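Here the structure is laid out as structure tokens; the discussion comes afterwards.
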Amino acid sequence: MLRFGRKKGSAVFCFLVFVLCFVIFAFAKRFGSRTKQWPTFKDPPTLIFKREDLQRIWKWEVNSGHYPSRYPKHPVSLTIQPNIPHPPKGKVLDESMSVSKPNPPHVAYPPRPIPGSVADLDVVMAHCDYGKRKYVRDCLEVLRVGAGLDNGKRVRRSKLEDWKYIYVEQPDNSTLSPRSFDDDDTSVDKFDSESGLVKKRGVEWEVPPLQLPEVTQYRPYHTLESYCDHESPRIFHMFWTGRFTDKPYLALLSFLFTQNLGLHKGAEHQKVCRPQFWMWINPGPAAAVPNPNARAQMYAELKESPWASPFLHPRFKDIIKFQLWNTTEQLDGIEELKNEWRTRDLFNSGGWVVNVPKKEKTTTGGAEGEADKTKDDMLNRAGSKSVSSYDRLSVILSDMARFILCHRYGGIYLDADTIFLRDWEELWGWKGAFAYRWSRLPRYNTAVLKLNKGSALGKFLFRSALKNNLDFHPMTVSRYTKDAYLEPLLLRLPDALFDSAWLNTEDYQMDRPPQPFFTNFEHFFETPSNSGAAPQALGFDGFFKGAYSYHFHNFWWKPFDPARNWPDLGPRFAAAERKARIELRKQGITRQATHTTANGAGANHAADANHNHSATHASTADELEDDQRDLSWATVLKRTFESYLRGERPNMYGEWLDWEG
């Protein structure tokens, strides 16, 4: 009886718990407010377009050559995949056709990609996709071997045919041009039903249908009248708020060190399309409105800035351009937004809205109505100076700005905490759109974003964002494309290509990490002592070699080079260095770098050498600080790029900067 009684008591207890849960659930459903509904783990739908519009978007992008993949997709009832331009497997992927291979003994530096090269991103995905359990370490090896970046240093002897991912389209392959979809094309099933599509709650389907421009003609590189394709301009965009610092400075230096800009000796004989770098400056807080003199004031401040003024040198006038950002002008320049954006919340990030009172929308660059620079609240910040004073509004604004800039002008957007690590020639040759993976999650990170100028995909994204209260957070953009079955049109590249440390910082792939091994993004600035020998011993070649860029994830307030926190560019830019050092002295923030007593003589000798070097070109009387005994990766990269501009070394491809060209 005792045994039976225990069983009965347990059953009664479980029954009472079930009844209690049912009552709570019923009460919440009956009396809970509509604004606080029962929680769900599924994101609400964002879709506003019918199937026919989605089919038209797919057709437009495919016919324009913006889906260069050999893998068929079956979205929104596109039942037959058209012929997509891509290299026939085993034909033009020959190494002699894809990588400019120098002959021994000229193997000290890797070769530049051949102008007009195209990356076969299907191959890259096969070797690098985290969703297929691919390691970042292995991906980087494929990227550097396939591009010849290990030139003269290759030790792997196995068969590497499957690692070739760069090719050049040949005239005899002109049959690969994409087939056109006609209105009555049988490749598209015309369904009146929206079965399978889940519309955003509370809105109607978009009417009238999305207005699309004429299809862009796909033109291989060898058919272009000039070296550049004006339908696909090669423009790198970057967005910056507030005073120019060492962060955009290093981004521009890395651009000069890696890209094929025609600045080196002998470049006048090269036939190449030179990319441009457009640095967009938002002069004040994100919620402020520039005054009519903002452009002139921007250039005046750039000339006075020690970090920006070197890039105003006439040698860079055709490749580095500073542009004034004006939010109102840019939004009015987007056809899909201009008539309605004023009725939406401008600062919306993943549903988190910052309301800006009208009285706070002051004017920057003028005495009257100027933003209160003495306040350190969210509305008055122009740049992030510390963890506690993070400029959240400018981050939200930049989430939107990247889509506007790529859609209006074409090109690739990069966040300002990005450093170039190699030439992007073959990525320009790939005509589709892309962002990259949010670490382990199958979502976008738009810190790198390629979007075709005036594309159907861009129009879809703007209308979707408008009906979702101008939310351009990358997680929300991921929902736009997923809900509409358009994800393949915005390729989600592996983060290994642009953000190689991310998985390790979240404790993934710890068993086989890449080089260097960062478990925290801060290690870029403060490299742990147990791996502190690597930056100086390996240098630039030892930093995620194979990746196209590195994203250091904020840390705007940490200097790259604490002991030499100024532009160290030699006699040509001595005035900029002098100004930066005087400013540091006035601020009283010059940090005394520490060095070990065991090697004090060597450190003192290095400090004396540094002092003599600086005195020759800065003409300053103040003493230099000693270096730390171990230099961080950030310091080594900054000094590497600066030595190229000083004329002390060539760039990563063995080319010497020619100031007289």
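Computed quantities for the displayed model
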item	result
Enumeration of residues in segment 250-266 that are open to solvent by less than 10 Å² (accessible area, probe 1.4 Å) and either among the acidic types (Asp, Glu) or not in a loop (DSSP other than H, G, I, E, B) (or both)	Leu250, Ala251, Leu252, Leu253, Ser254, Phe255, Leu256, Phe257, Thr258
Residues located in segment 557-575, provided they are modelled with pLDDT of 95 or more, more than 16 Å from Tyr644 (Cβ to Cβ) and touching a Ser or Thr at 6+ places or on another chain (Cβ under 6 Å)	none
Answer residue from segment 191-249, given it is at positive phi and over 28 Å from the mean Cα position of the chain (by Cα) and is surrounded by the fewest Cβ atoms within 10 Å (Cβ to Cβ) among those	Gly202
Segment 313-336, residues that are more than 24 Å from the chain's Cα centre (by Cα), part of a loop (DSSP other than H, G, I, E, B) and not acidic (Asp, Glu)	His313
Pairs where the first residue, in segment 454-472, is in contact (Cβ under 8 Å) with a residue 24 or more places away in the chain and farther than 29 Å from Gln217 by Cβ and the second is part of a helix (DSSP H, G or I) and not aliphatic (A, V, I, L, M), C-beta under 7 Å, 6+ apart	Leu466/Trp341; Asn468/Thr476; Leu470/Trp341; Phe472/Asp399; Phe472/Phe403
Output for segment 291-312, where each listed residue is touching a strand residue (DSSP E or B) at 6+ places or on another chain (Cβ under 9 Å) and not in a helix (DSSP H, G or I)	Asn291, Ala308
Cβ pairs under 7 Å, 6+ apart, first in segment 473-491 and within 19 Å of Tyr130 (Cα to Cα) and buried (at least 21 other Cβ atoms within 10 Å of the Cβ), second at pLDDT 95 or above and of a type in the set (Lys, Arg)	Ser478/Arg443
Every residue from segment 192-229 that is touching an Asp or Glu at 6+ places or on another chain (Cβ under 7 Å), hydroxyl-bearing (Ser, Thr, Tyr) and outside any loop (DSSP other than H, G, I, E, B)	Tyr221
Close pairs (8 angstrom Cβ cut-off, 6 or more residues apart or separate chains): free of Cβ contacts under 8 Å to residues at least 60 places away in the same chain in segment 635-661, basic (Lys, Arg) anywhere	Ser643/Arg649
Segment 391-424, subset open to solvent by less than 10 Å² (accessible area, probe 1.4 Å), in a helix (DSSP H, G or I) and modelled with pLDDT of 95 or more, residue nearest to Trp352 (Cα to Cα)	Met400
Near pairs, Cβ below 7 angstrom, 6+ apart or cross-chain, from segment 138-151 (more than 16 Å from Pro514 (Cα to Cα) and of a type outside the set (Ser, Thr, Tyr)) to any residue that is open to solvent by 10 Å² or more (accessible area, probe 1.4 Å) and assigned to a helix (DSSP H, G or I)	Gly146/Trp163
Condition met for Gly546 (surrounded by fewer than 21 Cβ atoms within 10 Å (Cβ to Cβ), modelled with pLDDT of 95 or more and not aliphatic (A, V, I, L, M))	no
Residue within segment 609-623 that is in contact with a Lys or Arg (Cβ under 6 Å, 6 or more places away or on another chain), crowded, with 17+ Cβ neighbours inside 10 Å and modelled with pLDDT of 95 or more present	no
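The values are calculated or read from the model by the stated rules, or taken from the named source; none is laboratory data. Since the structure is predicted, the reported quantities are computational estimates derived from the model, not experimental observations. With ideal geometry, Cβ positions are generated from the backbone for all residues, glycine too; neighbour counts draw on all protein chains shown. Surface accessibility is based on the protein's heavy atoms, side chains included, excluding ligands, DNA and RNA. Shrake-Rupley method; radii C 1.70, N 1.55, O 1.52, S 1.80 Å.
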